[in-house]
Amino acid sequence: LDTTPDLRLIGFAAGAAVATLMLFGLAPAIRATQTHLSRGLAETSRSITRSAPLTRVILCGQVALSFSLLIGAILLARSLYDLRTFDAGFQRDHLLLVTPDTGRTIPPGEQLRYTRSVLDQIRTLPGVQSASASVVIPMEGSSWASDFTAPGFIPRSRKDYQCHENVVTPDFFRTMGTRLLMGRDLNKQDNAAGAKVAVVNQAFAHRFLGRLNPLGLQFSSLETKEIITVIGVVEDASYNDF
């Protein structure tokens, strides 16, 4: 979301304001210059007397609409300011998102190998510091949630079991700029052939693992029954939206 003022938009708004002023102000001004002063005052007095109730209604309506517009503009400006200063848990500058459509061209069994090959090529490009891939694209609006539990975890409701998850390649958090608070990030040795491991955020660690040091602790999926070991903890970050 780029809230930098656009000179073209500012110019258009200024031009529209001038055109509106001329359209609604110039015609009455020209008409006033063509009217005799004393006769015009008399006609105006009679007109105001006859239309006083309607004038008050129109005036109140104009004030109400103007006030609503002013409040809306203030709220919009405040929302844009909050979005610019909001800590999303990942960097928003110098971060490029690429979504290749490989569903029809790459066989399912070759998707991971293809992804790794593309990432290796991207990392060689000038200026690229790191690159990673994920199944769920952050802030796209899609999500993937499953039910988890851990030894000693006592849920207050069925929703407490549910947690968002993602499958990522190594260097995901370094690429996103999400701070690693404890432990380590995923690496190439963390694959399907090895033990099931995960990097969790602070909210997950607090809910499922309590106040214990989460590194090395295990939790399990209620759906697949897999036992997963925590190898790292990262800061909380926005998942679906701000």
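The values are calculated or read from the model by the stated rules, or taken from the named source; none is laboratory data. What you see is a predicted model; the values in this text were computed from it and never measured. Here Cβ is always computed from backbone atoms with ideal geometry, including for glycine, and neighbour counts include all displayed protein chains. Accessible surface areas use protein heavy atoms only, side chains included; no ligands, DNA or RNA. Shrake-Rupley method; radii C 1.70, N 1.55, O 1.52, S 1.80 Å.
Structure above, values below:
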read-out: Given the chain, longest segment not containing exposed loop GluC sites (Glu not before Pro) (DSSP; at most 15 other Cβ within 10 Å); value: 1-139
read-out: Relative compactness, the chain, computed as alpha-carbon Rg over 2.2 N^0.38 Å; value: 1.73
read-out: Whole-number D in µm² s⁻¹ for region 111-210, Kirkwood Cα-pair radius fed into Stokes-Einstein, 10 °C, 1.306 mPa s; value: 102
read-out: Accessible area of the chain divided out per residue, in Å², using a probe of 1.4 angstrom; value: 75
read-out: 3J(HN,Hα) from dihedral phi, region 61-74, Karplus parametrisation 6.51/-1.76/1.60, rounded to Hz, x for glycine, proline; value: x, 5, 5, 5, 5, 5, 5, 4, 5, 5, 4, x, 5, 5
read-out: Size descriptor, Kirkwood hydrodynamic radius, that averages inverse alpha-carbon separations across region 85-148, Å; value: 14.3
read-out: Placed amide H near residue 234: partners under 5 Å, 5+ positions off or other chain; value: 181, 200, 201, 202
read-out: Percent accessible area from carbon and sulfur atoms, the chain, protein chains only, probe 1.4 Å; value: 61
read-out: Straight-distance crosslink candidates among lysines, where the alpha carbon sits under 22 Å from residue 196 and sequence neighbours closer than 8 are dropped; value: 188, 225
